[in-house]
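Contents: one structure, followed by commentary.
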Amino acid sequence: MAFNSIFKGKKVLITGNTGFKGSWLSTWLHLMGADVYGYSLSIPTNPSMFETLKLEEKIHQHYGDICNKEEFNDYVQEVQPDFLIHLAAQALVLTSYREPFETMTTNIIGTAVVCEAIMKIDWECTCVLITSDKAYDNVEWIWGYRETDRVGGKDIYSGSKGAAELVIKSYWHSFINKMPNIKFGVTRAGNVIGGGDWAKDRIIVDCVKAFSEGETVEIRSPKATRPWQHVLEPLSGYLTLAQYLAEGKSENGEPYNFGPRAEQTKTVFELVQDLASLWGLDRDKVAKLTGDIPFEEATLLKLNCDKALSYLNWHSTLHYEECVRFIAEWYRAFYVEKDKDMYALTEKQIKEYIDEAKKQNLEWAF
Ligand SMILES: NC(=O)c1ccc[n+]([C@@H]2O[C@H](COP(=O)([O-])OP(=O)(O)OC[C@H]3O[C@@H](n4cnc5c(N)ncnc54)[C@H](O)[C@@H]3O)[C@@H](O)[C@H]2O)c1
């Protein structure tokens, strides 16, 4: 099932696998026949995709803090993974204002702990470390950011991700690039949406909860635009990079952006209305506009993804309409058709996504 079957029968260790992206990634890798090992602090939400899909019964799970250097190193040494994918983070912008120190610790020290563990690996291992589009120093311009642009960040979350990039860069140049057994890459992607997300302060989550309870959803920034992309898009990018690195088709130690098509940039209000229509509701009656923005939001940050296209033959697959359809289908099944097999539905969506990528002749899909 895709990626030249490189993950079949391989041990893949994912940090932060109980979260939104991690649950989709664990499911996809499990479906491809990988032996999935997870290392996470806890299950971050209730409900959660991790529990809904009963992933703990399908993979090997270890609960631990990514800032605990000894515990994480011991786990890596015990598992001896063929692939290591680092997702664990304090991933919420609003939480970063409430818990700045904890955000800095998890996102920066946690990344250093992962690099330290990689330095002790003495078998062949491909490592992909995930930061964020917010790692870029947002200079409020209209152009997409390229991998060569400066990292930085004025707010706490962005600063923590910019700093994680510097940690990765210095460990790479000082130590890891001298290790012939290690393949290593860094990825930066933006906001993702999809079924199975229940994180705080995310618009889709607010919408589906309100829709399922027959209430209106409060929108604090209706005109804000986001480059919406389905969670499967960056995941196909991470896995393509891992495949290319493992097969020696991609240069070692490089960062890659994975972003959506330009046309995916819609307002929050448009997204809410489109989701409501697919839910079978009156699109003009579902939202209450509050205009109450708790913190200053930076202007739209876009990614230039030419490098991923040129070197990995990757571009995003789904159009906006398909992306919203996937989301409505997933949450309606959860909230409305209550006895639906959510694992089977998730598997169906992953297969549909791969089929769509095949139609577009994307190499990773074969
Ligand atoms: N979701 C997005 O829109 C988005 C956008 C850009 C980048 N990212 C990045 O992708 C990654 C995954 O994001 P997500 O949306 O799945 O986040 P999430 O909040 O849903 O999940 C975070 C995961 O990290 C784990 N975690 C948190 N603190 C930890 C700690 N101290 N030790 C061990 N594990 C810990 C949690 O248990 C959970 O498994 C993060 O690095 C995030 O910054 C996410």
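The values are calculated or read from the model by the stated rules, or taken from the named source; none is laboratory data. Computed from a prediction, not measured in an experiment: that's the story for all the values here. Here Cβ is always computed from backbone atoms with ideal geometry, including for glycine, and neighbour counts include all displayed protein chains. Note: areas computed on protein heavy atoms with side chains; ligands, DNA, RNA excluded. Shrake-Rupley method; radii C 1.70, N 1.55, O 1.52, S 1.80 Å.
Given ASN138, ASN177, which one is more than 19 Å from the chain's Cα centre (by Cα) and away from the ligand (no atom under 15 Å from the Cβ)?
On the way: ASN138 fails: away from the ligand (no atom under 15 Å from the Cβ).
When all the criteria are applied, what remains is ASN177.
Can you name every one of the strands (runs of 3 or more DSSP E) wholly within region 226-340 that holds 1 or more residues which are modelled with pLDDT under 95?
Details: elements: 254-258, 265-267, 287-289.
Those strands (runs of 3 or more DSSP E) span 265-267, 287-289.
Residues that are within 18 Å of ASN17 (Cα to Cα), within 14 Å of the ligand (Cβ to nearest atom) and free of Cβ contacts under 8 Å to residues at least 24 places away in the same chain, at least 1 per element: which helices (runs of 4 or more DSSP H) completely within region 35-126 meet that?
Values: elements: 49-52, 69-79, 93-98, 100-104, 110-119.
Counting at least 1 such residues, we get 49-52, 69-79.
Condition first: touching a Ser or Thr at 6+ places or on another chain (Cβ under 9 Å), surrounded by 14 or more Cβ atoms within 10 Å (Cβ to Cβ) and assigned to a loop (DSSP other than H, G, I, E, B). Now tell me which residues in region 199-218 satisfy that.
Once the filter is applied, which keeps residues that are touching a Ser or Thr at 6+ places or on another chain (Cβ under 9 Å), surrounded by 14 or more Cβ atoms within 10 Å (Cβ to Cβ) and assigned to a loop (DSSP other than H, G, I, E, B), region 199-218 yields only ALA199.
Based on this model, can you work out whether VAL186 counts as within 13 Å of the ligand (Cβ to nearest atom), at pLDDT 95 or above and outside any loop (DSSP other than H, G, I, E, B)?
yes
Hey, ALA199 hits all of (1) more than 17 Å from HIS86 (Cβ to Cβ); (2) away from the ligand (no atom under 13 Å from the Cβ) but one; which does it fall short on?
Of (1) more than 17 Å from HIS86 (Cβ to Cβ); (2) away from the ligand (no atom under 13 Å from the Cβ), only one is false for ALA199: (2).
Which residue pairs have Cβ atoms closer than 7 Å, lie 6 or more positions apart in sequence or on different chains, and pair a first residue in region 10-34 that is away from the ligand (no atom under 15 Å from the Cβ) with a second residue that is of a type outside the set (Val, Ile, Thr) and modelled with pLDDT under 95?
What qualifies is LEU31/MET1; MET32/MET1.
Of all the residues that make up region 157-198, how many are open to solvent by 30 Å² or more (accessible area, probe 1.4 Å) and closer than 26 Å to SER23 by Cβ?
2
If a residue must be without any contact (Cβ under 8 Å) to a residue 40 or more places away in the chain, closer than 20 Å to LEU245 by Cβ and in a helix (DSSP H, G or I), how many such residues does region 129-169 contain?
Residues that pass the stated criteria total 1.
Could you give me the residue pairs with C-beta distances under 6 Å whose first residue belongs to region 203-231 and is free of Cβ contacts under 8 Å to residues at least 24 places away in the same chain, whose second residue is more than 16 Å from the ligand (Cβ to nearest atom) and among the β-branched types (Val, Ile, Thr) wherever it lies, and which are 6+ apart or on separate chains?
Once the first residue is free of Cβ contacts under 8 Å to residues at least 24 places away in the same chain and sits in region 203-231, its partners that are more than 16 Å from the ligand (Cβ to nearest atom) and among the β-branched types (Val, Ile, Thr) give ASP206/VAL217.
Restricting attention to region 170-183, which residues are part of a loop (DSSP other than H, G, I, E, B) and not aromatic (Phe, Trp, Tyr)? Lay out the reasoning, then the answer.
Initial filter on region 170-183 (part of a loop (DSSP other than H, G, I, E, B)): 175, 179-181.
MET179, PRO180, ASN181, listed by residue number.
Filter region 1-34 for residues that are in contact with a Leu (Cβ under 9 Å, 6 or more places away or on another chain), part of a strand (DSSP E or B) and of a type in the set (D, E, K, R) and give the result.
Listed by number, the list is empty, since nothing qualifies.
Would you say LYS58 is under 18 Å from TRP330 (Cβ atoms) and open to solvent by 60 Å² or more (accessible area, probe 1.4 Å)?
Numbers: under 18 Å from TRP330 (Cβ atoms): no; open to solvent by 60 Å² or more (accessible area, probe 1.4 Å): yes.
In short, no.
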